1. Give me the orientation-averaged projected area of the Cα convex hull of the stretch 4-89, in nm², one decimal.
2. Which values, in whole Å and largest first, are the semi-axes of the equivalent ellipsoid of the stretch 114-165 obtained as the square root of 5 times each eigenvalue of the Cα gyration tensor?
3. Taking R0 as 25 Å, what's the FRET efficiency between residue 49 and residue 277 from their Cβ-Cβ distance, rounded to 0.05?
4. Return the sequence-ordered ³J(HN,Hα) values of the stretch 9-16 in whole Hz as given by the Karplus equation 6.51 cos²θ - 1.76 cosθ + 1.60 applied to θ = phi - 60°, using x for Gly and Pro.
5. I'd like to know how the chain sits against the 2.2 N^0.38 Å rule of thumb: what's its Cα Rg over that expected value?
6. Would you kindly work out the equivalent ellipsoid of the stretch 62-210 from its C-alpha gyration tensor and give its semi-axes, the square roots of five times the eigenvalues, largest first in whole Å?
7. Figure the gain on full extension for residue 246 and residue 113 (residue separation times 0.36 nm, minus the Cα-Cα span) and round it to one decimal in nm.
8. Please check which bits of the stretch 57-81 a label hung off residue 98 would reach, taking the label as a point 7 Å along Cα-to-C-beta and the cut-off as backbone N under 14 Å.
Amino acid sequence: MKEVRLNNGVIMPAIGFGVFQIPENETERVVTDALEAGYRMIDTAAAYFNERPVGDAIRHSGLKREDLFVTTKLWVQDYEYEDTLRAFDNSMKQLGLDYLDLYLLHKPYGNYYAAWRAAEKLYKEGRVRAIGVTSFGNERLQDLFLHNEVKPAVNQIETHPFFQQKEANVFLQQEGIQHEAWAPFAEGKNGIFQHPVLKTIAEKHGRTVGQVILRWLNQRGVVVIPKSVRKERMMENLNIFNFTLTDEEMKDITGLDTGKSPIYNDMDLPTVRGIGTHKIHD
Ligand code: NAP
């Protein structure tokens with residue numbers, strides 16, 4: 001699949017480009033390279049402190065706005081109703097855009113009900129084409145949509161061969177909410193690019209491990225947003241549509257699941273406290 005149709009009819013590319021941990025002063029160059037490589041979806045966040053150079057790269061690219069799909073995220077600190085509206089305005093100012101494609105609640109902490117209601121207002125006003133969440137477990141996600149009007153279009157969750165999110169994937173499919181993978185390469189952890197099972201499959205297809213991982217996610221119906229600061233890797237990561245993994249190969253990768261994150265546990269108490277109280281502005 002090269003694109004997916006969200007539950008409100010909006011078309012979203014199946015692969016985009018993530019800019020987490022790209023320093024502000026490098027971001028315009030990196031995003032310019034990504035757009036030149038052919039990416040049309042960019043995933044940023046207020047908490048990444050690089051929305052402005054993402055916007056600069058978009059503006060200088062000469063690409064038509066309607067050909068791009070831009071995602072940004074609301075940080076927990078701004079999860080009150082009025083704060084959300086203000087934070088959205090600020091993100092749009094940073095990005096230099098007059099509408100957004102996807103606005104995500106960045107973490108499942110704090111007053112996300114108030115934030116969601118403000119996001120619903122922005123959606124109804126047409127300022128954002130789709131709204132969703134990230135890192136929400138099935139229970140919190142279900143509770144959120146049972147007690148609100150607009151069902152999230154996307155849940156962006158950590159997903160890669162070592163943490164496959166099988167239960168979330170089933171639930172999201174059942175509810176018509178698009179599964180999007182953050183850290184599709186597990187941020188390089190656990191020697192993912194050297195893993196013998198992935199290397200064997202990659203060699204069979206004359207591909208790289210990165211391409212095999214992205215293709216495996218794509219064949220599971222998961223949208224991906226790999227990050228790289230290197231143009232040759234950006235091109236490599238985008239080139240996943242002219243080969244297909246067999247059922248056997250898909251199954252071999254299924255066997256790599258450890259059922260837990262090598263990055264962090266969202267529901268671990270120090271994480272809930274640390275991330276939940278982290279401030280990105282005064
Ligand atoms: P990732 O995409 O899993 O991994 C990025 C790492 O892989 C970088 O070290 C990159 O190095 C390397 N890499 C990329 N392509 C490669 C290739 N073909 N071969 C070898 N190495 C390769 O990690 P991520 O950036 O954390 O996740 C992707 C995006 O998801 C983020 O940028 C962000 O937009 C989003 N995200 C969201 C959340 C959330 O809470 N919602 C959390 C984390 C991430 P180089 O850059 O040196 O190439």
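1. On the way: hull surface 25.4 nm².
That works out to 6.3 nm².
2. Working: eigenvalues 110, 34, 10 Å².
Semi-axes from the Cα gyration tensor: 23, 13, 7 Å.
3. Details: r = 18 Å, r/R0 = 0.72.
Given R0 = 25 Å and the Cβ-Cβ separation, E is 0.90.
4. x, 5, 8, 10, x, 7, 9, x
5. Working: Rg = 18.0 Å, N = 282, 2.2 N^0.38 = 18.8 Å.
So the chain has a normalised radius of gyration of 0.96.
6. On the way: eigenvalues 198, 76, 37 Å².
Result for the stretch 62-210: semi-axes of 31, 20, 14 Å.
7. On the way: separation 133, 0.36 × 133 = 47.88 nm, distance 4.22 nm.
Taking residue 246 through residue 113 to full extension adds about 43.7 nm, to one decimal.
8. Flagged as within label range: 65-66.
Only the coordinates and a few stated rules stand behind these numbers; no lab work does. Quantities reported herein were computed from a predicted structural model and do not represent experimental measurements. Note that we place each Cβ from the backbone using ideal geometry, even for glycine, and neighbour counts take in every protein chain shown.
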